[in-house]
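Encoded as structure tokens, the structure appears first; notes follow it.
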Amino acid sequence: MEQTGCKKLNILMTTMQMGFGGAETHIYELSRALTRDGHRVTVASAGGKYAEMLEANGIRHVTLPLHTKNPVQVLRCYFGLKKLIQTEHFDVVHAHARIPAFICGKLQKKLHFRFVTTAHWVFAVTPLWKKLADWGDRQMAVSEDIKQYLIDNYGVFADNVSVTVNGIDTESFAPDAAWDGIAKELGLCDSKHRIVSVSRMDESRGKAQLCLAKCAARLLEKYPDLEIVIVGDGVLAAEKNLLTDVRRIADELEKKHGRRIIFTPGLRTDTPAFIASGDLFVGASRAALEAMSCAVPTIVAGNEGYIGILDESTRTKAAGTNYCCRDCGDTTEAKLFADICALFETRDRKALGAYCRSVILEDYSAARTARDYEKLYESLPAVTPDVRGKILVSGYYGFGNAGDDSIAAALLAGLRRCAPELPITFLCKNPKRSGRKYGVRAVGRFNIPAVLREMRGAKLLISGGGNLLQNTTSSRSLFYYTTVMRMAKRRGLRVFVLANGLGPILGEKYEKVAAKALSLADKITLREPQSIEYAVSLCIPRERLALSADPALILSPAPEARIDYVLQSIPREPHFAVSLRSFSTLRSEEVDGADEESFAKLFAAEIDKIAVRTGAKPLYILMQSSRDRALSEKVNALARTKGAILEGLTASEIMGVLMRCDFVISMRLHLLIYAAAVGKPLLGVSYDPKIDAMLEYMGYEKPLRVAELQSGALADKAAALTESGVDRDKIEAMKALVLADAEAAVKMVEEN
């Protein structure tokens with residue numbers, strides 16, 4: 001395995017058991033790959049064949065009954081793991097199943113270790129499991145659809161979930177794997193038509209193998225030398241074992257034809273030899289990948305669906321479900337029979353096998369899996385969310401607004417880059433959910449006793465970023481943020497007003513409140529020049545003010561595979577992004593006296609003109625569903641050119657989507673900022689001076705006001721947008737200012 005720069009870690013893997021199955025093989029291969037890379041790995045489980053193989057490879061295994069929900073045994077595991085963790089001082093505790101994750105989650109609250117989980121499958125979600133489940137500080141999924149399962153069912157934050165592959169040991173699963181031993185053991189003949197399948201044979205896993213056995217009689221009519229080898233057995237006592245049905249069919253065929261046609265050797269660990277003996281393979285999930293690694297032409301089929309012959313035309317579809325075939329139609333005898341015949345009758349089987357092997361070498365090596373996990377471990381902060389913060393961060397966090405959530409993510413990323421071991425606390429709405437989302441300690445923003453407790457040991461309050469000091473949305477908001485600043489100063493904290501957009505502040509009384517709070521700050525950076533001028537007008541000395549930029553600029557787009565998944569139902573064709581904001585919470589003067597109904601009709605007409613002139617279709621992005629959905633749906637309904645509506649995306653996902661768009665039109669400031677960050681042409685529709693100010697600062701054309709839509713100028717300007725208008729040097733300079741703010745914050749803590 002190639003060496004990486006990752007710090008060598010002491011890692012505890014916990015899982016239910018290390019018997020037979022895809023998850024168990026995943027853990028086995030991962031543990032070996034991490035050990036080869038210099039990490040120290042301990043695995044705790046109820047044991048099994050792979051546990052013996054781990055120890056044969058010099059990897060420690062600790063036996064605990066982690067496979068059962070029995071309360072007595074769960075308690076035994078709790079104390080066993082507690083003693084192990086306290087003794088061994090692991091850098092990372094990594095759970096691979098729900099029961100071990102539940103136990104480790106309880107222990108983390110007492111022992112404060114870094115905790116991650118891997119989701120290997122999708123299971124039915126009951127209210128009890130939803131309540132008890134603990135998915136750790138970060139999560140790994142083995143496919144994009146399993147990642148989405150975690151997001152939809154457990155509310156985990158998409159940016160905290162990494163995706164890896166079921167890494168295959170390409171040296172063991174190789175085309176030249178010796179299989180003469182198993183040929184002798186089973187009495188295999190010199191067949192040219194041997195089909196191999198490997199699977200657990202529980203009712204929830206063995207459907208394709210039973211279908212294969214049922215096809216045998218028809219296949220024998222075409223291929224008299226046919227042999228079928230089905231490796232595996234049932235392992236779940238609660239499920240029917242389909243191997244019984246397969247063996248009944250095998251006995252009937254043997255009685256009729258006078259020779260063994262279907263071989264069922266049961267559970268085995270020498271699967272490379274069995275797979276290598278085959279002329280083609282039938283199966284799903286990890287077993288299919290292992291067959292591909294052996295350069296055996298593969299039919300991908302399982303309980304959850306049917307993809308068929310693996311080739312260039314089905315590769316993307318198979319990868320999208322991690323070769324598990326979820327939602328890909330039913331596995332049937334007819335489909336299987338047709339594809340088996342097609343493969344047996346093609347002259348290109350060797351080339352197809354070589355292609356299968358190349359897919360594994362490119363995308364599914366065990367080394368790649370280990371690198372993915374190393375990146376996951378590296379992304380963990382050095383401190384856990386249970387440690388009180390030295391920095392408190394106050395802002396509009398936890399309200400489901402993608403823009404403000406991106407500020408939180410960017411602030412945290414900048415601070416962690418400078419000081420990974422610095423504990424941080426966010427003041428949020430819904431602290432439990434927000435804390436998990438941001439991966440930090442969080443307390444309720446209006447829980448004053450909790451806020452005061454946090455301030456006792458803190459050294460710095462960061463107020464920002466965002467447009468916090470304003471009262472156009474609510475005067476209560478202005479009073480809240482200024483009160484938190486005064487509380488911090490009274491308790492000896494330094495205060496950093498970081499990358500704020502200032503104003504509008506309506507009323508002299510409220511301007512005095514803001515000015516007094518700003519005068520208390522130890523450091524002030526503002527996100528655009530107009531905010532600096534406004535602060536000067538409030539009698540804040542210019543020398544106390546520094547220009548910064550919106551923290552969201554430093555975020556990165558989500559990986560291509562994630563964007564493929566997000567956009568899977570949307571045709572690959574030119575698009576432009578649109579973000580609208582409902583008028584319901586806006587003042588009349590902000591929208592030039594327009595009403596939402598009239599605006600929707602005008603905007604829909606402009607959408608149609610833009611679509612005709614550019615050949616692109618709209619893609620509506622909801623930054624805050626509660627405030628964006630109504631107007632977006634209204635415009636889409638009125639326009640002849642229909643567009644998809646995307647919601648619930650993280651900032652990094654939105655940025656990835658914008659990279660697939662030709663240009664961006666937005667009323668929402670942060671969608672414009674994301675577009676600038678990824679270098680996309682953009683056009684603002686302004687209802688707020690902050691949009692005008694930010695676009696001017698970033699070097700973009702002045703936005704249109706709502707009233708100007710009547711002239712048809714939106715379509716004209718959109719058609720004229722080109723990437724030549726993007727000032728990349730300007731944006732890079734602004735990103736540097738964001739990182740400088742993070743460095744300054746850390747320095748203020750160290751000096752206090």
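A compact table of results
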| quantity | calculated |
| --- | --- |
| Percent RCO, i.e. relative contact order, over the chain, from Cα pairs under 8 Å lying at least 6 residues apart | 9 percent |
| Heavy-atom accessible area ranking, 1.4 Å probe, most first, across 584, 285, 531, 598 | 584, 598, 285, 531 |
| Virtual spin-label span in nm between residue 217 and residue 536, 7 Å along Cα→Cβ | 9.2 nm |
| Probe 1.4 Å, all protein chains present, accessible-area order of 404, 592, largest first | 592, 404 |
| Estimated [θ] at 222 nm from DSSP helical runs (n ≥ 4, -39500 (n - 2.57)) normalised by residues in the chain, nearest 500 | -14500 deg cm²/dmol |
| Calculated from backbone phi, Karplus (6.51, -1.76, 1.60) coupling profile of segment 359-370 in Hz, x at Gly/Pro | 4, 5, 4, 6, 10, 10, 7, 4, 4, 5, 4, 4 |
| The chain: angle of helix 207-222 to the longest principal axis, Cα-based, in degrees nearest 10 | 50 degrees |
| Two-site FRET efficiency, residue 421 against residue 36, from Cβ-Cβ distance with R₀ of 22 Å, rounded to 0.05 | 0.20 |
| Extension reserve of the residue 477-residue 453 stretch, reckoned as 0.36 nm per residue once the Cα distance is removed | 6.4 nm |
| Mean Cβ count within 10 Å, highest first, over the residues of peptides 471-478, 539-546, 14-21 | 14-21, 471-478, 539-546 |
| Under 12 Å from the residue 236 label point (7 Å along Cα→beta-carbon), backbone N, segment 124-153 | 124 |
| Out-of-range pairs (alpha-carbon distance over 29 Å; input 184/317; 131/642; 512/735; 109/459) | 184/317; 131/642; 512/735 |
| Counted charge near residue 352, where neighbours are those whose Cβ lies closer than 14 Å (Asp, Glu -1; Lys, Arg +1) | -1 |
| Gain in span if fully extended, residue 333 to residue 730, counting 0.36 nm per residue against the direct Cα distance | 136.8 nm |
| By accessible area with a 1.4 Å probe, ligands and nucleic acids excluded, highest first: order of 235, 440 | 235, 440 |
| Charge tally in the Cβ shell below 14 Å around residue 98, where Lys, Arg are +1 and Asp, Glu are -1, residue 98 excluded | +3 |
| Estimated distance in nm for a label pair at residue 716 and residue 641, the labels positioned 7 Å out from Cα along Cα-to-Cβ | 1.8 nm |
| Label-point gap, in nm, between residue 430 and residue 69 - each point 7 angstrom along Cα→Cβ | 2.7 nm |
| Cα long-axis angle, helix 625-638 against the chain (0 to 90 degrees, to the nearest 10) | 80 degrees |
| Efficiency of FRET between residue 56 and residue 345 - r from beta-carbon atoms, R0 41 angstrom, step 0.05 | 0.45 |
| Protection-proxy order for peptides 422-434, 168-180, each taking the mean of Cβ atoms within 10 Å per residue, highest first | 422-434, 168-180 |
| Rounded to the nearest 20 debye, dipole of the chain from Cβ charges on Lys, Arg, Asp, Glu | 2780 debye |
| Added length on full extension, which subtracts the Cα-Cα distance from 0.36 nm per residue, residue 244 to residue 487 | 80.3 nm |
| For the chain, share of DSSP beta bridges that run antiparallel, in % to the nearest 5 | 5 percent |
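The values are calculated or read from the model by the stated rules, or taken from the named source; none is laboratory data. Nothing here was measured: the structure is a model prediction, and the numbers come from that model. No Cβ is skipped: glycine too gets one built from the backbone with ideal geometry, and neighbour counts run over all protein chains shown. The accessibility values were calculated without ligands, DNA or RNA, using every heavy atom of the protein model including side chains. Shrake-Rupley method; radii C 1.70, N 1.55, O 1.52, S 1.80 Å.
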